[in-house]
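Below: one structure, written as structure tokens.
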């Protein structure tokens, strides 16, 4: 299967995870869906690892790098699902997808890379899109606060750092299935550390009405992790990332179809989401 198709499947499954989580979050908390998602990831992927021949021999440097990636992935989950709860699945997906802008900014400021015209144009579109998504959002979401935007942006920052680390680690040991499962173990212990540090500020809340949606969230997110890991292991980041970053479009369509009773999405938000996606792809192509 070509890397481009796998990247598109990444976008579809991750958008599905955000939509499914939004339905469950009506009855429960972001920490609960994070825990369920991590449990599903470990149960399914470790089963697949042992059925496919067991734990392979891998580089310890790659293992150390994926310890970092797994910790970041736990943070991505917490930021993303809190963002979905506060500002909705479609808006959160749009802001979370600006990770290429984070990567490009780091490359320009730290590595002294040149900003191409396409990167500048893409950055402009992303900024315009963020303004449109957040402008007077309280009219559609009475409980909206400006700092809610920092939640998906935090997820974007961690994702922007994760992709290049993953790609480098795969150059040392190309085992996407094993490392996808290994990330689940790291995320689980990271989650336990977070819960101890947070002192139950956002407790686990089990509700039977939320559980089916959260299980589907875990399945979709596990698939998205496996797909993006596989795509990065066989394809270049500049090819994979633009297609994987289209998930806000699918999240928007999903919200229109399945979240009509939960999310209100106006034309301004739709244009903002599309602007962010086009800008994101432009930044990728301009690097």
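The table below lists the values:
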{"read-out": "Residue in region 109-116 that is assigned to a helix (DSSP H, G or I) and modelled with pLDDT under 75 present", "value": "yes"}
{"read-out": "Residue within region 9-16 that is within 19 Å of the chain's Cα centre (by Cα), more than 16 Å from residue 181 (Cα to Cα) and part of a loop (DSSP other than H, G, I, E, B) present", "value": "no"}
{"read-out": "Checklist (1) in a helix (DSSP H, G or I); (2) surrounded by 18 or more Cβ atoms within 10 Å (Cβ to Cβ); (3) more than 14 Å from the chain's Cα centre (by Cα); (4) modelled with pLDDT of 90 or more applied to residue 23, failing item", "value": "(4)"}
{"read-out": "Residue tally, condition modelled with pLDDT of 75 or more and either touching a strand residue (DSSP E or B) at 6+ places or on another chain (Cβ under 7 Å) or surrounded by 21 or more Cβ atoms within 10 Å (Cβ to Cβ) (or both), over region 253-271", "value": "2"}
{"read-out": "Count of residues meeting criterion [more than 14 Å from residue 46 (Cβ to Cβ) and crowded, with 18+ Cβ neighbours inside 10 Å] in region 162-175", "value": "6"}
{"read-out": "Qualifying position, being touching a residue at least 12 places away in the same chain (Cβ under 8 Å) and closer than 24 Å to residue 194 by Cβ, among 89, 48", "value": "89"}
{"read-out": "Residue 204 vs. criteria more than 21 Å from residue 160 (Cα to Cα), in contact with a helix residue (DSSP H, G or I) (Cβ under 9 Å, 6 or more places away or on another chain), assigned to a helix (DSSP H, G or I) and at pLDDT 75 or above", "value": "no"}
{"read-out": "Some residue of region 151-158 being at pLDDT below 65 and either in contact with a helix residue (DSSP H, G or I) (Cβ under 9 Å, 6 or more places away or on another chain) or part of a loop (DSSP other than H, G, I, E, B) (or both)", "value": "no"}
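Per-residue answers, yes or no, for (1) out of contact with any strand residue (DSSP E or B) (no Cβ under 8 Å at 6 or more places or on another chain); (2) over 30 Å from residue 62 (Cα atoms); (3) assigned to a helix (DSSP H, G or I); (4) modelled with pLDDT of 90 or more:
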{"position": "178", "(1), (2), (3), (4)": "yes, no, yes, yes"}
{"position": "183", "(1), (2), (3), (4)": "yes, no, yes, yes"}
{"position": "232", "(1), (2), (3), (4)": "yes, no, yes, no"}
{"position": "238", "(1), (2), (3), (4)": "yes, no, yes, no"}
{"position": "249", "(1), (2), (3), (4)": "yes, yes, yes, no"}
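The values are calculated or read from the model by the stated rules, or taken from the named source; none is laboratory data. Everything quoted here is computed from the prediction, not taken from an experiment. Counting neighbours? That spans all protein chains shown, and the Cβs are built from the backbone with ideal geometry, glycine included.
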